[in-house]
Amino acid sequence: MSHLANITKKELRELLTPGSLIPVVMVAVIFMFMGSMIGGEVEKASAPVVIGIADADDGVYSDLSIGYIETFYETYYKVPVEDLPEYLITLDSSIYGNDQAILQEMRAKGVTTLLFFGPGFSEDIASKEQATIELYFSEVSTGAFGNMSSPAMTGIISYVNTSLSTELLEDGYGVPPEEVGAVLNPIGQTQPVTFINGVAYTGITPYEISSAMSSQSMSVPIMIMLIIVMIGSIVISSMGNEKENKTLETLLTLPVDRTTIVSGKLIASAMAGLIYGLIYMVGMYFYTDGLAAGGSMDLSKYGLSLGGLDWLIILVSMFLGIICALGMCMVLGAFAKNYKAAQTMTMPISMLAMVPMFVMIFTSYGDLPGILQGVIFAIPFSHPMMAMQNLMFGDMTLVAAGLVYMALFALAMIYITVRIYRSDILITGFTKEDFKRMFSMKGRRGAGRS
Amino acid sequence: MDTLVVEDLHKRYGEREVVKGISFSVKEGEIFGLIGPNGAGKTTTLRMISTLLRVTSGRIEVCGHDVMKESDEVRRRISYLPEDAGAYKDLTGRAYLQFMANFFANGDEAKAMVEKGIALSKLGDRIDSKVDTYSKGMMRRLLIARAIMPGPRFAIMDEVTSGLDVMNAYEIRDVIREIARQGVTVLISSHNMFEVDLLCDRIAMINNGELILEGVPSELKERFGVATVEEVFVKAVNG
């Protein structure tokens, strides 16, 4: 077995332990569950709402309104006529005005939402006064999608209002049927047109695009941040352990080149990082898939999709990002005297991974002022975080520049790491004298360790 | 023939000089002890000999190879055991020996080396247990086995019995005598003067980065008219 393979195999055995894999798998499983739960909730929320209807008015307009509600369920929710009684439950109207009796009746009939037509509803409309429908809700949910019955009621009442207005304009006010639309909605709007990569797409707005992409905008930066923080922590801790146990001292006195040691550690850590990434990606796939099942927009018909080459670029970008992180971790790890000291060294890496993550979640690279764009570009982890969106929107310049920058950054880090492995710093740590020597010309001249 | 030659060796960290021009040599098959109090510069000297630290000035030659110019050649001939060293906790004793053997040999030769290491470690069935379940004595036996199994020409051991109980320390001294009998040159550092008196053919005393005395323990005791190496050291330091 070659020395490189020997070191890589050993490092992988140390990196891919049940202790390090279980948290990664757990996070992926949590994402899978979140996706299926949110998807299920969204689906539930867009399903027809079961409502109670009580008619204490029993007049022309309350009957008409109930008819409009039935039409709404048939046309909007696609509920067959014969199934309407399952969704629109008739409640006893004699309890009008008695809140406790209303609550009991709602519980008895198993409804959580009630539309109550009070006495005088039709009379008010007939006398050209505004009538009111009373709304009752018997449950408050703290879940994000648990209170969808209230916006659903707003939609239903709006539909009833429009339908009644049409009826009244035609019959009560003598407006010709062909003019009713113009009276109700004097201003209309055409289908919106949005230009994406120079192509005009009808029927979609930038807000709808960003909403549809919100799960990717959130999940990709979070996933990359998690990989970098986790792999960074493992690598730095492993170096702290190596120093504490003096296994590194032993390794450095073996007949093996220092570059081989650094390469073995880097390759193994990058492989472990990609395995972690793959596990996270499976979790993210099920997460976004769960959301899509709940009714996400299909962006591919607007040209916003990724092909095989795009995914390859994303993978390369991720790999380079991981190599950059590992290079930085190995440089930082070289200064850790022991395992405990190594733990604090992960902080700069975590911070550098979190800054672009928050930027990508809450805004975008293009929206940042020039200086901040420079800062974000300089952080190598930003590039895999924004690669997917840039590829979707065809911003190849930024993707290519990011890849070149990461490759150069990774090479610089590997070079510095090899230099450190060939110096005393790895054994003695970074002493005050080393620091002074770095910033003093006299020190530099006298630093000639032969 | 000298396995190790150290000439006017200096080591500086900035303005601080921790090794101040020491010179000594170790003959082939000899057990040589570098003794002195904590902080005297023993470990720094051993680390320079083992190619871990760069030499500020002076010269070190191991088996005829300069440690600075031919560090790869030196590493092929030495085996270094740091003080309080450990092994990779997630590996078993056998896997650890296998990992180390792969740097020196391949195939059947590596397998034979591992078998030799297992026999030397005297860990029995525990060789297949994870290293983090080992006692300090077991760990030290594994590491010494690791250091010896490739058949180095020169073994460098820093405070090799430090922290071990009487039985373990006795066994390890026995192992060192045995490898020296087989022709391996051994350089040990210790602040335990009793141990070096028992074990070493020759000793060098270091204090405050300077070599203050070198010779055969029995001759040094006779020269200073004292019964122990410890007393020789005290007299040498106090002039």
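The values are calculated or read from the model by the stated rules, or taken from the named source; none is laboratory data. Model, not experiment: these values are computed from the prediction. A quick note on method: Cβ atoms are made from the backbone with ideal geometry, for glycine too, and the neighbour counts reach across all protein chains shown. These accessible areas exclude ligands, DNA and RNA; they are computed on the full protein's heavy atoms, side chains included. Shrake-Rupley method; radii C 1.70, N 1.55, O 1.52, S 1.80 Å.
Measuring with a 1.4 Å probe in the full set of protein chains, what accessible area per residue, in whole Å², belongs to the protein assembly as shown? Mind showing how you got there, number by number?
Details: 32240 Å² over 689 residues.
Normalised by residue count, the accessible surface of the protein assembly as shown is 47 Å².
At A:Arg422 and A:Tyr76, where each label point lies 7 Å from the Cα along Cα→Cβ, what is the point-to-point distance in nanometres?
Rounded to a tenth, the inter-label distance reads 7.3 nm.
Quick one: check the C-alpha center-to-center distance for segment B:174-239 versus segment A:323-383, whole angstrom.
53 Å
From the helices alone, meaning DSSP H stretches of at least four residues, give me the mean residue ellipticity at 222 nm for the protein assembly as shown, per-run term -39500 (n - 2.57), in deg cm²/dmol to the nearest 500.
Values: 29 runs with 395 residues, N = 689.
Only helices count here, giving -18500 deg cm²/dmol.
List the residues of segment B:43-78 whose backbone N lies under 11 Å from a point placed 7 Å from the Cα of B:Asp2 along the Cα-to-Cβ direction.
B:59-64, by backbone N distance to the label point.
Say each of B:Ala236 and B:Ser162 gets a label point 7 Å from the Cα, pointing the same way as Cα to Cβ; how far apart are those two points in nm?
Label at B:Ala236, label at B:Ser162, 1.9 nm between them.
Suppose a student asked you for the relative contact order of chain A, using Cα pairs under 8 Å spaced at least 6 residues apart; what percent would you report?
Values: 511 pairs, mean separation 94.2, N = 450.
Reported relative contact order: 21 percent.
Quick one: give the max-minus-min coordinate of the C-alpha atoms of segment A:264-390 along each principal axis, largest first, in Å.
Ordered largest first, segment A:264-390 gives principal extents of 55, 35, 27 Å.
Report the full-extension gain for the segment B:Asn208 to B:Glu222: residue separation times 0.36 nm, less the Cα-Cα distance, to one decimal in nm.
On the way: separation 14, 0.36 × 14 = 5.04 nm, distance 2.47 nm.
The B:Asn208-B:Glu222 span can extend by a further 2.6 nm.
Please compute the Kirkwood hydrodynamic radius over segment B:1-132, one decimal place, Å, based on all pairs of different Cα atoms.
On the way: mean 1/r = 0.0592 Å⁻¹.
Result for segment B:1-132 stands at 16.9 Å.
What's the longest bit of chain A with no exposed GluC sites (Glu not before Pro), using DSSP loop states and at most 14 other Cβ atoms within 10 Å as the test? Could the numbers behind the result be given before it?
Details: sites that count: A:Glu129, A:Glu139.
Within chain A, the longest run free of exposed GluC sites (Glu not before Pro) spans A:140-450.
Are there any residues in segment A:6-32 with a reduction of at least 10 Å² in accessible surface when going from the isolated chain to the assembly of protein chains? Probe 1.4 Å, please list them by number.
Listed in order, they are A:Asn6, A:Ile7, A:Lys10, A:Arg13, A:Glu14, A:Thr17.
Which parts of segment A:226-261 would a label at A:Val29 reach, counting a residue when its backbone N lies under 14 Å from a point 7 Å out along Cα-to-Cβ?
Counting backbone N atoms under 14 Å from the label point, the list is empty.
My understanding is that a pair violates if its Cα-Cα distance is over 32 Å; which of B:Lys27/B:Lys116; A:Lys243/B:Lys111; A:Lys337/B:Lys27 do that in this structure?
Details: B:Lys27/B:Lys116 26 Å; A:Lys243/B:Lys111 28 Å; A:Lys337/B:Lys27 35 Å.
Result: A:Lys337/B:Lys27 exceed 32 Å.
Short version: ³J(HN,Hα) in whole Hz for each residue of segment A:303-316, in order, from phi by Karplus 6.51 cos²θ - 1.76 cosθ + 1.60 (θ = phi - 60°), x for Gly and Pro, what are they?
Karplus values, whole Hz, x for Gly and Pro: x, 9, 9, 10, x, x, 5, 4, 5, 5, 4, 4, 5, 4.
Would you mind computing the Rg to Rh ratio of chain A from its alpha-carbon coordinates, Kirkwood style for Rh?
Numbers: Rg = 32.3 Å, Rh = 27.3 Å.
Computed over Cα atoms, the ratio is 1.18.
Using Cα-Cα distances under 8 Å and only pairs 6 or more residues apart, what relative contact order does segment A:48-189 have, in percent? If you can, show how the numbers build up before the last one.
Numbers: 158 pairs, mean separation 39.2, N = 142.
So the answer I get is 28 percent.
Would you kindly calculate the translational diffusion coefficient of segment A:146-252, applying Stokes-Einstein with the Kirkwood radius from alpha carbon pairs, for 37 °C and a viscosity of 0.692 mPa s, and quote it in µm² s⁻¹ without decimals? Working shown, then result.
Working: Rh = 20.9 Å.
Taking Rh from Cα pairs, D becomes 157 µm²/s.
Using 0.36 nm times the number of residues separating A:Val60 and A:Val183, minus their current alpha carbon distance, what extension gain do you get? Mind showing how you got there, number by number?
Details: separation 123, 0.36 × 123 = 44.28 nm, distance 2.36 nm.
That works out to 41.9 nm of additional length.
What residues from segment B:141-158 fall in the zone where the backbone N is under 19 Å from a label point 7 Å along the Cα-to-C-beta line of B:Asn106?
B:150
Interface size between chain A and chain B, please: total buried accessible area, 1.4 Å probe, rounded to the nearest 100 Å². It would help to have the intermediate numbers written out before the result.
Working: alone 24130 and 11440 Å², together 32240 Å².
Buried surface at the A/B interface: approximately 3300 Å².
Multiply the residue separation of A:Thr397 and A:Phe195 by 0.36 nm, subtract the distance between their alpha-carbon atoms, and state the gained length in nm to one decimal.
Numbers: separation 202, 0.36 × 202 = 72.72 nm, distance 1.94 nm.
Separation in residues times 0.36 nm, less the Cα-Cα distance, equals 70.8 nm.
Please report the orientation-averaged projected area of segment A:48-189, defined via the convex hull of its C-alpha atoms, in nm². Each step should come with its number before you reach the end.
On the way: hull surface 40.7 nm².
Averaging across all directions leaves 10.2 nm² for the Cα convex hull.
Evaluate 2.2 N^0.38 Å with N set to the residue count of segment A:332-422, then give the Cα radius of gyration divided by it. Walk me through the numbers before you get to the answer.
On the way: Rg = 15.5 Å, N = 91, 2.2 N^0.38 = 12.2 Å.
Rounded to two decimals, the normalised Rg is 1.27.
Using only alpha carbon pairs under 8 Å that are at least six residues apart, calculate the relative contact order of chain B and give it in whole percent.
Working: 455 pairs, mean separation 63.8, N = 239.
Relative CO of chain B lands at 27 percent.
Along each principal axis of its Cα atoms, how long is chain B end to end? Whole angstroms, biggest number first, please.
So the three principal-axis extents are 53, 40, 34 Å.
Evaluate the Kirkwood expression for the hydrodynamic radius of segment B:88-206, namely the inverse of the mean inverse distance over all pairs of different C-alpha atoms, and round to one decimal in Å.
Working: mean 1/r = 0.0672 Å⁻¹.
Value: 14.9 Å, from the Cα pair sum.
Suppose accessible area is computed on protein heavy atoms with a 1.4 Å probe; arrange A:Tyr415, A:Tyr201 from highest to lowest.
Values: A:Tyr415 140, A:Tyr201 45 Å².
In descending accessible area the options line up as A:Tyr415, A:Tyr201.
State the percentage of accessible surface on the protein assembly as shown attributable to carbon and sulfur atoms; use a 1.4 Å probe and exclude ligands, DNA and RNA. Walk me through the numbers before you get to the answer.
Details: 18640 of 32240 Å².
Answer for the protein assembly as shown: carbon and sulfur cover 58 percent of the accessible area.
Indicate the residues belonging to segment B:28-65 that lose 50 Å² or more of solvent-accessible heavy-atom surface (probe 1.4 Å) upon moving from the chain alone to the assembly of all protein chains, ignoring ligands and nucleic acids.
Residues meeting the cut-off: B:Arg47, B:Leu52, B:Arg54.
Please grab the % of Cα pairs in segment A:220-283 that end up more than 18 Å from each other. Don't skip to the end; give the middle numbers.
Working: 918 of 2016 pairs.
That tail contains 46 percent of the Cα-Cα pairs.
Between B:Asp201 and B:Asp132, what is the spin-label point distance in nm, taking each point 7 Å from the Cα along the Cα→C-beta axis?
Using points 7 Å along Cα→Cβ, the separation is 4.3 nm.
Using a 1.4 angstrom probe on the protein heavy atoms only, line up B:Ile156, A:Ile323 by accessible area, largest first.
Details: B:Ile156 0, A:Ile323 20 Å².
Ranked list, largest accessible area first: A:Ile323, B:Ile156.
Treating cross-link reach as a plain straight distance, find the lysines whose alpha-carbon is under 16 Å from the alpha-carbon of A:Lys78, omitting any fewer than eight places away in the same chain.
Straight-distance partners of A:Lys78: A:Lys44.
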